[in-house]
1. Which order do the peptides 343-351, 420-428 come out in when sorted by mean C-beta neighbours inside 10 angstrom, highest first?
2. Rounded to the nearest 0.05, what FRET efficiency do Val105 and Ala238 have when you use their Cβ-Cβ distance and R0 = 56 Å?
3. Note the angle between two axes, namely the Cα long axis of helix 23-47 and the longest principal axis of the Cα atoms of the chain, as a number of degrees from 0 to 90, rounded to the nearest 10.
4. Assuming a ≥ b ≥ c are the square roots of the Cα gyration tensor eigenvalues, decide whether the chain counts as rounded (a/c under 1.5), prolate (otherwise, with a/b larger than b/c) or oblate.
5. How much of the accessible area of the chain, in percent, comes from carbon and sulfur atoms when a 1.4 Å probe is used?
6. Equivalent ellipsoid semi-axes for the range 65-185, as square roots of 5 times the alpha carbon gyration tensor eigenvalues: give them largest first, rounded to whole Å.
7. Calculate how steeply helix 345-357 sits against the longest principal axis of the alpha-carbon atoms of the chain, using the helix alpha-carbon long axis, and give the answer as 0 to 90 degrees to the nearest 10.
8. What is the packing order of peptides 158-169, 142-153, 399-410, taking the mean over residues of other C-beta atoms within 10 Å and listing the highest first?
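The values are calculated or read from the model by the stated rules, or taken from the named source; none is laboratory data. Just so it is clear, the model here is predicted, and its values are computed rather than measured. Here Cβ is always computed from backbone atoms with ideal geometry, including for glycine, and neighbour counts include all displayed protein chains. These area figures cover heavy atoms from the full protein model, side chains too; ligands, DNA and RNA do not enter into them. Shrake-Rupley method; radii C 1.70, N 1.55, O 1.52, S 1.80 Å.
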Amino acid sequence: MGYIILAIIFIVLCLSLPRFISKENFGWLRGSIPSLFGLIAIFFIFATSFVIIDADKVGHLKRIYLGKKMPPGQIIAFEGEKGPQARILPPGFHFSLLLNVLNEVEERPVVNIPEGHYGYMVAKDGAPLGKGQYMAEAWSKEKFGKMVSAEFFLKNDGQKGPQLTVLPPGTYRLNLYLFGVKLDKATDIPAGFVGVVKSNVQETSNWELAAVPSELAGALSVPLVKKGSVGIWDEPLAPGRYYLNKVAYNVAGVDTRVQTWNYKGGYKRRYIDLQVTQDGAIVQTERSDVVGIPKDSADSAIFTRMEGWLVPQELRVQGQVEPKDAPFVVASVGSVEFAEDKVVTPSIRSVVRNICAAERVLSLIDENRASIEEKIEAAVIPEGKKAGVTIKDVRLVDSVVPPELMVARLREQLADQLQETYKREKAAQDQRILTEKARATADQQPELVAAEIRVKVAEKNKMAEKLKGEGEKLKLIEIATGQKAQ
């Protein structure tokens, strides 16, 4: 507007100033006025015909004069009409005759999309959306560089409204009269996850439903679609970063790592303790405690009815949603958590109850335990597959057998242990007696040796006296014989 006012003032001066200059006083000046005004006019024209755009700005033009009116409904002019122009001025010097007079020049910042974000665009002008469309068709990779140009966009059937195509990270010189840009965060799929896409737009002309994978036969009937169609895509996104328009696509992250579901607690546990008194009698005492459900457990223990007894059974199940099954999980139940809560857990409870009902209670703690685990696992695997969950392993953790069933076994074990203990104690006592006897004998050894010596001396003395007596006897006999003979 300032350039227009100056132009009007300049024209008025050119027409009126010569009349006020007298020939007598300013004759020399009067003859030079046309040349002077010519120079001024050239300077004025030049001064209003160029503009310098800063490096981080984009020049936007709004035509004011010498242009026809735009058709009704058109917002951006691309053929010289009055109003906001499709043409923009990049950074630098630009010259055009009476540029600043015919147009209002406005500098606007370049559009900068930072890393980890994308630009969501809305076009204020262009071809109308088709029937059933609520977003413009996606730009091809070949045309992307051209479609960001407002002139090319408007001349090549660019559609008005929200754009399916987004701006990836980078710097763009956009016509902000045409495009409105809003930043949004990119979609990041971390390692160990896949992204299941629910599309709200139809990218392709043919809409094909994807067949449910054969390994999910017998599962819920869920329609999946090919990539590019409206619905849940049968092909998940691998871990990585994606610049997807969140208005058009909803991405659900599905954990494909192995999950461990524990079924623990939620019951009252009873104990019968056995004690042996000093005289060898066995005394029974009963106690109990409440086992709570841990916070990280999937659910409480499974209560099974076996031989009339109610037996809480703790269980550990390992399962996984394989990447190819992730779309089915989202389409059927919504998430892995819902699959575990709504399908897997009820199925596991039913299977465990049915199998344990046909077994003996004590088989949960003897050599048949492994067989029961195999039966449960074989029955649970197809049930998990119905929800898209692959069961990897099933283990019985703790079988809470009624303590009454354990008393007889415990008493028998205790009696056997006591009997063995008594045998060992008797053997120990016998050995102790022999040891003490040997120790006492060793302690009396000097006296025993002396007594033995005395016995031997006495025996020798006895023999000596005997021999002496016999000698006397023989002496007397000889004397008698001699006297008789005399």
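1. 343-351, 420-428
2. On the way: r = 48 Å, r/R0 = 0.86.
My answer for the efficiency is 0.70.
3. With both axes taken from Cα atoms, the answer is about 30 degrees.
4. Because a/c hits 1.5 or more and a/b exceeds b/c, the chain counts as prolate.
5. Working: 16790 of 29210 Å².
Looking at the chain in its full context, I get 57 percent from C and S.
6. 26, 20, 11
7. Roughly 20 degrees between the two axes.
8. Going from most to least packed, we get 158-169, 142-153, 399-410.
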